[in-house]
Amino acid sequence: MATGVSRETLGRLEAYVSLLKEWQKRFNLIGRGTVDAIWYRHFLDSAQLRKIYGARCSRLVDLGSGAGFPGMVLAIMGQTGVELIESNGKKCLFLERVSMSTNTQVEITKVRFDEVKRPDRADVVTARAVAPLSKLLREVGRWVKPEGVALLQRGSRFERELAEAARFWEFEVVRHPSVTNPTGAILEISQIRQINV
């Protein structure tokens with residue numbers, strides 16, 4: 001209801017949830033404390049990004065995708081050209097299983113995103129809780145096209161993180177309220193340039 005997805009898409013997301021709960025018993029894919037609120041904390045949290053970037057994206061890269069949030073959810077919702085970057089082999093196997101079970105076309109790359117020398121740049125880059133903002137901007141700046149945007153989901157300390165990052169980086173930022181974290185925000189960041197110090 002919150003996202004307006006079709007019944008077919010909802011069915012594919014339900015299959016994703018079932019697989020996630022099954023694999024979670026053997027592997028730590030998501031925080032144990034979030035399993036009971038899985039739809040809200042992970043799926044809605046991911047799906048809300050779609051309204052921000054809309055249809056202006058032919059390639060989306062999710063850095064440190066983990067169990068597929070937000071990249072896999074966005075792909076199931078219809079986003080094409082999604083690449084999930086994840087260094088953990090077990091998580092990559094899980095993502096491949098989700099891709100096959102939900103008939104979702106994604107590219108899954110097993111690599112540390114900071115070790116890729118020449119990334120294939122994207123219109124939209126997403127990252128969810130993978131590194132402090134000032135460190136993350138170095139990588140995001142390499143992965144996003146000059147005219148592209150990064151959508152970074154941050155917690156309650158986001159203003160402090162922005163102030164710290166501004167010591168080393170110049171960037172444009174739009175703060176979007178998060179529907180799943182009232183004290184956090186989704187930061188839409190563009191035009192990232194390192195400050196020469």
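What follows draws every value from the coordinates through simple rules; no lab data is involved. If you're wondering where the values come from, they're calculated on a predicted model, not measured in any experiment. Cβ: placed from backbone, ideal geometry, glycine included. Neighbour counts: every protein chain shown.
So in the chain, what percent of DSSP beta bridges are antiparallel if you round to the nearest 5?
Details: 13 of 31 bridges.
Roughly 40 percent of the DSSP beta bridges within the chain come out antiparallel.
Where does each of Ile76, Ile52 land when they are ranked from fewest to most other beta-carbon atoms within 10 angstrom?
Working: Ile76 26, Ile52 13.
Fewest to most other Cβ atoms nearby, the residues stand as Ile52, Ile76.
What is the angle, in °, between the Cα long axis of helix 133-143 and the longest principal axis of the Cα atoms in the chain? Nearest 10 is fine, range 0 to 90.
It is inclined by approximately 80 degrees.
Given labels modelled 7 Å from the Cα in the Cβ direction, how far is it in nm from Arg138 to Ala37?
In this crude label model, Arg138 to Ala37 measures out at 3.3 nm.
For the stretch 154-170, what does the Karplus curve 6.51 cos²θ - 1.76 cosθ + 1.60, with θ = phi - 60°, yield as ³J(HN,Hα) per residue in whole Hz, taken in order and with x for Gly and Pro?
Whole-Hz 3J(HN,Hα) from phi for the stretch 154-170: 10, x, 5, 8, 4, 5, 5, 5, 4, 5, 5, 5, 5, 6, 10, 9, 9.
The stretch 3-98: D in µm²/s via Stokes-Einstein (Kirkwood Rh, Cα pairs, 4 °C, 1.567 mPa s)?
Numbers: Rh = 13.6 Å.
Translational D for this selection: 95 µm²/s.
Within the stretch 139-178, name every residue whose backbone N is under 18 Å away from a label modeled 7 Å from Cα of Asn196 along the Cβ vector.
Those under the cut-off are 167-171.
Scan the stretch 15-85 for trypsin sites (Lys or Arg not before Pro) in coil per DSSP, keeping those whose Cβ has at most 13 other Cβ atoms within 10 Å, and list them by number.
Values: sites: Lys21, Lys25, Arg26, Arg32, Arg41, Arg50, Lys51, Arg56, Arg59; in loops: Lys25, Arg26, Arg56, Arg59.
Taking the stretch 15-85 and a limit of 13 other Cβ atoms within 10 Å, the loop trypsin sites (Lys or Arg not before Pro) found are Lys25, Arg26, Arg56.
Under 5 Å between amide H atoms, partner at least 5 residues away or on a different chain: which partners does Thr180 have, H built in plane at 1.01 Å?
For Thr180, no residues qualify.
Using a simple charge model, +1 on the beta-carbon of Lys and Arg, -1 on the beta-carbon of Asp and Glu, nothing else, what dipole does the chain show about its Cα centre, in debye to the nearest 20?
Values: 30 positive and 22 negative charges, 68 e Å.
Taking the Cα centre of the chain as origin, the dipole is about 320 debye.
Using alpha carbons only, what's the Rg to Rh ratio of the stretch 86-173 with Rh from Kirkwood? Please list the in-between numbers first.
Details: Rg = 14.8 Å, Rh = 14.6 Å.
With Rh from the inverse mean 1/r over Cα pairs, Rg/Rh is 1.01.
Can you grab the distance from the C-alpha centre of the stretch 46-86 to the C-alpha centre of the stretch 142-197, Å, no decimals?
Each part's Cα centre sits 17 Å from the other's.
Where Rh denotes the Kirkwood radius from the mean inverse Cα pair distance, what is Rg over Rh for the chain?
Values: Rg = 16.1 Å, Rh = 17.0 Å.
With Rh from the inverse mean 1/r over Cα pairs, Rg/Rh is 0.95.
Are there trypsin sites (Lys or Arg not before Pro) in the stretch 92-197 that DSSP marks as loop and that have at most 16 other Cβ atoms within 10 Å, and which are they? Could you put the intermediate results ahead of the total?
Working: sites: Arg97, Lys110, Arg112, Lys117, Arg121, Arg128, Lys135, Arg138, Arg142, Arg154, Arg157, Arg160, Arg167, Arg175, Arg193; in loops: Arg112, Lys117, Arg121, Arg157, Arg167.
Filter output for the stretch 92-197: Arg112, Lys117, Arg121, Arg157, Arg167.
Among Asp36, Asp120, Asp114, Asp45, which comes first, second and so on when ranked by fewest other beta-carbon atoms within 10 Å?
Details: Asp36 9, Asp120 12, Asp114 17, Asp45 23.
Final ranking by Cβ density, sparse to dense: Asp36, Asp120, Asp114, Asp45.
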